[in-house]
1. Restricting the stretch B:63-106 to residues that are charged (D, E, K, R) and in a strand (DSSP E or B), which is farthest from the other protein chains (Cβ to nearest Cβ)?
2. Filter the helices (runs of 4 or more DSSP H) completely within the stretch B:7-58 down to those with at least 3 residues that are more than 13 Å from B:Gly79 (Cβ to Cβ) and within 15 Å of the chain's Cα centre (by Cα).
3. Scan the stretch A:83-122 for residues that are charged (D, E, K, R) and under 14 Å from the mean Cα position of the chain (by Cα) and report the count.
4. Which of the residues that make up the stretch B:71-80 are touching a strand residue (DSSP E or B) at 6+ places or on another chain (Cβ under 6 Å) and under 28 Å from B:Ile115 (Cα atoms)?
5. Checking B:Pro138 against (1) at pLDDT 75 or above; (2) over 15 Å from A:Ala94 (Cα atoms), which single condition isn't satisfied?
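The values are calculated or read from the model by the stated rules, or taken from the named source; none is laboratory data. Source: prediction; values computed, not measured. Every residue, glycine as well, gets a Cβ built from its backbone with ideal geometry; the counts of neighbours run over all protein chains shown.
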Protein chains: 2
Amino acid sequence: MKRKNLIKTNCPIARALSVVGEWWSLLILRDAFGGTQRFEEFQESLGIPRNTLTERLSKLVEHGILDKHPLKEDGKRLGYALTPKGKELLPVVAALRQWGNQHVPTSNPSAVTMIDRRDGSRVELRLELVSTKGRTVPLDKIQIVSRRGRKSESSSEARS
Amino acid sequence: MKRKNLIKTNCPIARALSVVGEWWSLLILRDAFGGTQRFEEFQESLGIPRNTLTERLSKLVEHGILDKHPLKEDGKRLGYALTPKGKELLPVVAALRQWGNQHVPTSNPSAVTMIDRRDGSRVELRLELVSTKGRTVPLDKIQIVSRRGRKSESSSEARS
C-alpha cells in the first residue's frame, strides 16, 4: 500500500497517521500545544529546514488541524494555532509523552509538562480502557481486531 | 535538530517518536496488537518493501518493543510479539484510532475495533486529564510547557 492511499483505508489508525504521521508533524503540534505560533519559533525549536517546515505546516492547515490567524502584536503577519480538531490530538501527544517518560529514559530531566491554564497546576493523563460490559480492561487483555470492510473486501487494503 | 539526536533530548514526546515515529512503525504495532507475528503477514498487510519492513522490525526489536520468538507451529521459524514495553504503546495507538475515527472520515466503514480477549466485548478508550488539584481539565484548558533542562540550557535542544 502506498502512503498516499492510507487516508482512504478503513483503518482509522492509518487515516490518522496519513494526516499527522509524517516526521516532525507531531513535534510541530507539541509546540503548538505549548503556544508556539510564529514560523520562526517553530523553526528555532525544531531546527528543521524552512521548506520542510513550510510543507508540514501547510499540510496541517490543509487538513484543518492548524489555522492561520493574524498575530496580535502585528496584524499583518500570520501565525498558526490549533483548531478544535487539532486540539483533539492532545491524547495522542499526551500518550506519547507518557510512554517516552516511562520507557525511553535520558540523563536530561523531563522538560515537558502539561498544566491547567486556569491555575498552572500540573495535569496528568489518566487512561482507562472500558469494555461495553462496563469493566476496566488491562492492557494485556486488549486485542485490536480488523474486520474487512465492504469496499475493500477484494483489495489488499482490507486489513489496513 | 537531527532525527538521530531526538532520543537524547529532554522531551519525552520527541524521544518516543525517535523510537516509534518512523513511517510504518505504528502500523506494524497496530498489526502486532492484532496478533500478527509472521514477517510475511506484516508484509501482506502493509504492502511495503521487504527491506523497509526488515529495518522497522529490527529497530522495534532493538528498542525492546517487539521480541522474536519461535512460532508455535514451527519451532524453527521466528515470529514477532509485543513485549510489555511494547504493549504500553496501546494508548498511543488507541488515541490515534479515536481521532482518526472522529476526524478523518472515509466512505469505508471502520474496520478496526478493540476487544476484551476474555469475552470478546468491545473496548473503548476513556481518557481523563486530571490536575494535581484533582479536577478534570478540558482539552482547551491544557497547555504543554517546556522547561529548559540542565544539560541542554545552552543548546538548541532545550525546547525539544
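1. Result: B:Lys76.
2. B:12-20, B:25-33
3. Residues flagged as charged (D, E, K, R) and under 14 Å from the mean Cα position of the chain (by Cα) within the stretch A:83-122 amount to 4.
4. B:Leu71, B:Leu78, B:Gly79, B:Tyr80
5. The single condition B:Pro138 does not satisfy is (2).
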